[in-house]
Structure formats: structure tokens, C-alpha cells
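Asker: First, the structure itself, so that you have it in front of you.
None of the figures in this text is laboratory data; all of them are computed from the coordinates on show. Since the structure is predicted, the reported quantities are computational estimates derived from the model, not experimental observations. Positions of Cβ are generated from backbone atoms using ideal geometry, with glycine treated the same way; all protein chains shown enter the neighbour counts.
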Amino acid sequence: MKDVCDGKLFLMVLYTPGSTTSYDESPVEDGKLKYHFLGGGPEVGNVGCILEDSTGTRIQIDYGFVPKNPPCFPEEGPPVTDVILTHSHIDHIGLVPWLVSSHDTTIHCTEMTASLLEMLWRDTYKVSSIEKQPLPWDRRDLENALENVVTHNFGEWVEHGAWKWKFHSAGHIPGAAMIEIDLGDRNLLWTGDFDTRSTPCVAGALPVESDILFIETTYAGREQPIREEEVERFLSRVVEVVERGGTCLIPSFANGRGQDILSYLHDSNLDLEVHYDGMGRKIINHFLDNSSYIRDPDKLWKIKRWARLVSSKSDRKKALDADVIVTTSGMLDGGPAHWYLNRLRHDQRNAILLTGYQAEGSGGRRVLDEARLDIFGKTVDINLEVNQYSFSTHAGNSQLLEFARSCKSKNIILFHGNPNDEQMKFKETLEADGINIFTPDNGQGYLI
């Protein structure tokens, strides 16, 4: 999807609201639901979708972008009064301030997601300014967006036009939500990013019987490793590096992944000195302030006290002598990880332990492929051992199939996935069960 994304880059930044949308404003046929993906249909991330029926009831779900270099933006959508956010990852929330500035849109999300929006949006603005990347909103739009947020609990019905909707827990990260929409004569479930497996931070998602299912397919056709076995493999590597006198640098995503990694290290009962740096330090406090969204808040309190949180330059220097450093960014695209790596790379007793997928063009992918990385404007060799582990909180193929079948949906729309042979096998498996499967493109309306 790289060429498509690059082609949308300046369109997204330079358009005049309402003049470049491809959305068809024609009335929707009676008894039909129209869905139109602005992004996130045949691609991972970049999510935004419009739902509308013949009553004129319309709502948008998510509006994010992929923060790579250059960034990948979805298409412009039509005016919407309300947008529902599934969770607080930038590829789902990154463009929401633009919606508010253009249409005065009301934002709906869980309290946990709401508590993270300001920090994540400010960080997005800061990074785009430093890297001189385009962004279609500014700090004033951010402030206005924060004033338009309305929060809802799981299970709380919300009236919207001829519909009503409510949140269900999606697993994935704290505060992530699936959306059940009662359309009157039928209902639909939108999974957002979800996982039926529990993690240290959150319990897994449960299926909801629905007539229509929109299901994310990031890992369709691919199995996730058995979590316990992956944790054991990870911890064994930590012990190996520490016993030879090295430091493990563990790049981790700030929102959920880093806290899970700390939990695995804490629960191992290994005698380790673990330092935690980056935005994830602040996110722990947000998790604890919204403890009803956390699987075991008492344990998270213990982990916060156990880990050595880095909060100053002197703390960072001390961390260089630690057994383990957990820090952002998860794909080695910046953050404190670059500062540490620039100093740890000279001692081959040290090692890098990547804790998730490394996207094409990311720093982590370059380290894996070339053993090189751009740090502070200079390309340097990374002559350290690098290991990669999968601690993804997206459902794998088996979980996706079991979930889809348990929802008992007659019609299933696949999104947030790559249109490859693996997704095709997933599609064919469900079609063999007699289910209607749809794989929509971006920028086109469909009726169901």
C-alpha cells in the first residue's frame, strides 16, 4: 500500500474540507447500511470508516494515520457530528483533531482512552514538527478536540439518531473497545483492534452475537506463538545476556507493550535491575488512575515500585549499567532507545531484544536487515546481537476464526489487514461455513 499512501500524502494536508472527499452523499437505499472506508480497509492501520443508513443516521469510527516517513494519511471523509474511537493508538486517533476543527465533531471513547489523548496528540505534534512532516492540524485544533470528548463505560447504551451503540472490552490495550451498534432491525459489531487472549494488563475480548461483523484481520492466516513459550524464550535470552555481563536493551511500545514486558520480567523472580524510560512511564500513571480498565491494578502498583523509573539525565546514565533497559520507541524510530543504543553498541556483550513487529522503513527493520541505524543524524553500525519476539496483542488466526464463528454473523467484513494469500485462506475458511465475506477497498461505498 506504500504507493497509495504516498499518493494521498499532500492531498490530506492541503485539501479544503468538503472539497476532496470521495464519499457519495446520495440517499442510502431503504433497509441497507452503507460503509465507506477512508483508510484501513485493505491495509493495516490508517483507520477511518463511515457508517450510514436510509434514516440519515451517520457516524464515523476512528480516524488515524500511519506515522512513518513520510506519513500515510487516509482519505478525507464527509462531515460527521460524531466519531467513536476504539482505542488510543495513533493509527486510529491521529487525525481526530482535524475532524473537530473542520466539523466540530463530538468524540466518544472510554475514560481510559480519553485520559491518554492529550499526551499522545502532543507527542504526535512534537514529532511531526521535529521531523518536518506534514500534519493537517495544529495545537489550537488539539485544544478544541479535548473539549469535545465525551466518555462512556463498557455496556452503556448511547443514543445516536435512529441507532444506539455501546462499548465492549476489546482486550488489546487498556481502554480498547469493540462497538456494538443496534441498527433497529439488526445489529453489528465492530471489533477495532482486539485480542481474545489475556495479557498482564487486560483480559481478553469476548464474542458478541451480531448480524454483521466488522473484524480486524492483522494476523489472518498467521498464528501467534503460545504466549507462555514466547515469554520463556524471552526470559532465557535475558538471563544469557546478563550472565555474560551485558545489558539488554528492550525497545517497547509505550502504550501497553512496555507495561506487559515489565510484568514478565517482574514475575520471573530473576534477580534483575530493570530501568524503565520513555513515555511509558507516564502511561503507567494513567493506567493506575483508571484502574477499572486494568486486569490487576495492585500488581501494576508493585511493578511501578519495583522498576527503576528514569526521570532525569543522571538516571539515564545510571541505567547504562543496568541488567535491562525497557524504553521507547518500539520500532527504534527515536526516543530514548537511540540515546541508549548509541552508547551500548560499542560493547558486544550487550544485546537488543525487539518485542514486536518491525514495519518496513522502521529503525528496527533496518537494524534487522542491515545492522545499521540513523542516530542523531549519523548512520552507525549496530554490531550487537538482535533477537525478535512476538508479544502482539492482536488475535491470531485461530482466535480470529473462533471469535468470528462465535459471533454467529451472517455477513463479515474484513478490514485492517493485508490482502494477501494468508487473508484469502482465512476468507475461504469462513466462506466454507456459509458466511458471506466482504473485503472492501478504501474510498468506495458498499451497501449491506
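Asker: Test of understanding: in a Gaussian network model of the chain with alpha carbons linked when under 10 Å, which of Gly256, Gly45, Gly377 would top the mean-square fluctuation ranking?
Answerer: Of the options given, Gly377 has the highest mean-square fluctuation.
Asker: Excluding residues fewer than 8 places away in the same chain, name every one of the aspartates and glutamates whose C-alpha is closer than 13 Å to that of Lys427.
Answerer: Glu216
Asker: Just to confirm a number: summing +1 for Lys and Arg and -1 for Asp and Glu over residues other than Ser292 whose beta-carbon lies under 14 angstrom from that of Ser292, what do you get?
Answerer: Computed value for this residue: -4.
Asker: Here's a follow-up. What's the center-to-center distance, using Cα atoms, between the stretch 79-115 and the stretch 396-448 in Å?
Answerer: The stretch 79-115 and the stretch 396-448 have Cα centres spaced 26 Å from each other.
Asker: Express as a percent, rounded to the nearest 5, the fraction of DSSP beta bridges in the chain (both residues included) that run antiparallel.
Answerer: Once the DSSP bridges in the chain are tallied, antiparallel ones form about 45 percent.
Asker: For the stretch 240-255, take each phi angle, set θ = phi - 60°, evaluate the Karplus expression 6.51 cos²θ - 1.76 cosθ + 1.60, and give the result in whole Hz per residue in order, putting x for glycine and proline.
Answerer: After applying 6.51 cos²θ - 1.76 cosθ + 1.60, I find 4, 5, 5, 5, 8, x, x, 10, 8, 8, 10, x, 9, 4, 5, 9 Hz.
Asker: For the stretch 300-368 and the stretch 156-217, write down the distance between their C-alpha centroids in whole Å.
Answerer: 34
Asker: Helix-only mean residue ellipticity at 222 nm, the chain, DSSP H runs n ≥ 4 weighted -39,500 (n - 2.57), per residue, nearest 500. What is it?
Answerer: Computed ellipticity for the chain at 222 nm equals -10000 deg cm²/dmol.
Asker: Which of these, Ile226, Ile375, Ile59, has the largest mean-square fluctuation under a Gaussian network model of the chain (Cα springs below 10 Å)?
Answerer: Ile226
Asker: Which entries of Lys68/Lys282; Lys132/Lys282; Lys68/Lys132; Lys32/Lys408; Lys34/Lys410; Lys32/Lys410 have Cα-Cα distances beyond 18 Å here?
Answerer: Among Lys68/Lys282; Lys132/Lys282; Lys68/Lys132; Lys32/Lys408; Lys34/Lys410; Lys32/Lys410, the Cα-Cα distance tops 18 Å for Lys68/Lys282; Lys132/Lys282; Lys32/Lys408.
Asker: Go through the stretch 313-318 residue by residue and turn each phi into a ³J(HN,Hα) via Karplus (6.51, -1.76, 1.60, θ = phi - 60°); whole Hz please, and just put x for glycine and proline.
Answerer: After applying 6.51 cos²θ - 1.76 cosθ + 1.60, I find 5, 5, 4, 5, 5, 5 Hz.
Asker: Next up: When the dipole is taken about the Cα centre of the chain, and only Lys, Arg (+1) and Asp, Glu (-1) are charged at their Cβ, what size is it in debye, to the nearest 20?
Answerer: 1540
Asker: Read phi for every residue in the stretch 384-396 and hand back ³J(HN,Hα) as whole Hz from Karplus 6.51 cos²θ - 1.76 cosθ + 1.60, θ = phi - 60°, with x for Gly and Pro.
Answerer: 10, 5, 10, 10, 10, 10, 10, 10, 4, 10, 9, 4, x
Asker: Would you mind telling me the antiparallel percentage of the DSSP bridges in the stretch 252-386, rounded to 5?
Answerer: Antiparallel bridges: around 35 percent, rounded to the nearest 5.
Asker: Counting pairs of alpha carbon atoms under 8 Å apart in space and at least six apart in sequence, what relative contact order in percent does the stretch 227-388 give?
Answerer: Across the stretch 227-388, relative contact order equals 30 percent.
Asker: May I ask you to list the aspartates and glutamates whose Cα is less than 19 Å away from that of Lys313, ignoring any residue fewer than eight positions away on the same chain?
Answerer: The reachable aspartates and glutamates, counting only those whose Cα sits under 19 Å from Lys313, are Glu273, Asp277, Asp321, Asp323.
Asker: Taking the chain as a Gaussian network, where each spring joins two C-alpha atoms under 10 Å apart, which residue of Ser198, Ser312, Ser362 fluctuates the most?
Answerer: Evaluated over the chain, the most mobile residue of the options is Ser312.
Asker: Ranking Thr110, Thr57 by Cβ neighbours within 10 Å, fewest first, what do you get?
Answerer: Fewest-to-most Cβ neighbours within 10 Å comes out as Thr57, Thr110.
Asker: So who's got an amide H within less than 5 Å of the one on Leu213, skipping anything under 5 residues away but keeping other chains? H placed 1.01 Å off N, in plane.
Answerer: Excluding prolines and chain starts, which carry no amide H, the hits are Leu189, Asn411, Ile412, Ile413.
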